[in-house]
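The values are calculated or read from the model by the stated rules, or taken from the named source; none is laboratory data. Please read all numbers here as calculations on a predicted model, not as lab measurements. Here the Cβ positions follow ideal geometry from the backbone for every residue, glycine too, while neighbour counts run over all protein chains shown.
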Amino acid sequence: MIGDDRDRLAEAVRAALSRSAIVILSGGLGPTEDDVTREAVALALDRKLVFHPEIAAQIEARFARMKRKMVEVNRRQAFVIEGADVLPNDRGTAPGQWVEESGVVILLPGPPHELKAMFERQCLPRLRRLVPDHSIRTLLLRVTGMPESDLDQLISPVYKKYLNRSPPFWPATAIFRCTCAPDAPAWARQKPCWPKSARPSKRCWATRSTPAMAIRWRWWSARCCTRLTPRWLWRRV
């Protein structure tokens, strides 16, 4: 989580772009002084903010439908980063923005019902054109009565054989194995075969294989510079 500080947020965006091909920000697109995401990303990318009168007219029309008068401060939401694509928001006043700059920067509104709809309708189709299908899944083994060091010595000959896996980690007595594959069937074919000498046997009291990610992906990384980015978004990306 990054606070409402323009310079600090701009620095975080620069750092994220240096490490990741896709950067997603949520929140900070409102009309008040603490909504600094537009300004921070423009600063990070060294681009100008351009006023779009048609967006201001759409916001004003939305207020008119609610029998309210738009105050002048709402015009701030009509500023778009130079060269960005506007992501329409039919559930609120803040449009999102899609910026391509040595990667992709996506600006999404903070309210969950606006963010979810915009991400599914406006962002997922674009992301699917950028990256191929990929499935990331986890395998969970729960073990009891065995110290962490003994457990690692027992199973390391198995998990070290898989090149596209993250190292297992042990919160308390659980082993998590995470691997990538083009799709779920391909992932299933990669499930490890445990030789008898490397089975936790009676100490393993539960196993579970769960999909952690099932959308298009590549060997790219994505980071969310977020003000309360919901767990829902992490599950989708």
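Looking at the structure I just gave you, is LEU141 out of contact with any Cys (no Cβ under 7 Å at 6 or more places or on another chain), more than 30 Å from ALA42 (Cβ to Cβ) and at pLDDT below 80? Against the criterion (out of contact with any Cys (no Cβ under 7 Å at 6 or more places or on another chain), more than 30 Å from ALA42 (Cβ to Cβ) and at pLDDT below 80), LEU141 does not qualify. Only residues that are closer than 26 Å to ARG129 by Cβ and assigned to a loop (DSSP other than H, G, I, E, B) were counted across segment 61-104, and they come to 13. Taking segment 37-59 as the range and being assigned to a loop (DSSP other than H, G, I, E, B) and farther than 21 Å from MET70 by Cα as the test, the residues that pass are ASP46, ARG47, LYS48. In summary, LEU29 fulfils each of the numbered conditions (1) part of a loop (DSSP other than H, G, I, E, B); (2) of a type outside the set (Asp, Glu); (3) surrounded by fewer than 21 Cβ atoms within 10 Å (Cβ to Cβ) with the single exception of condition (3). The condition (being among the acidic types (Asp, Glu) and out of contact with any Lys or Arg (no Cβ under 6 Å at 6 or more places or on another chain)) is satisfied by just one residue among GLU11, GLU39, GLU82: GLU11. Name the single residue that is nearest to ARG76 (Cα to Cα) among those in segment 21-61 being of a type in the set (Gly, Ala, Ser) and touching a strand residue (DSSP E or B) at 6+ places or on another chain (Cβ under 9 Å). Ranking the qualifying residues of segment 21-61, first place goes to GLY28.
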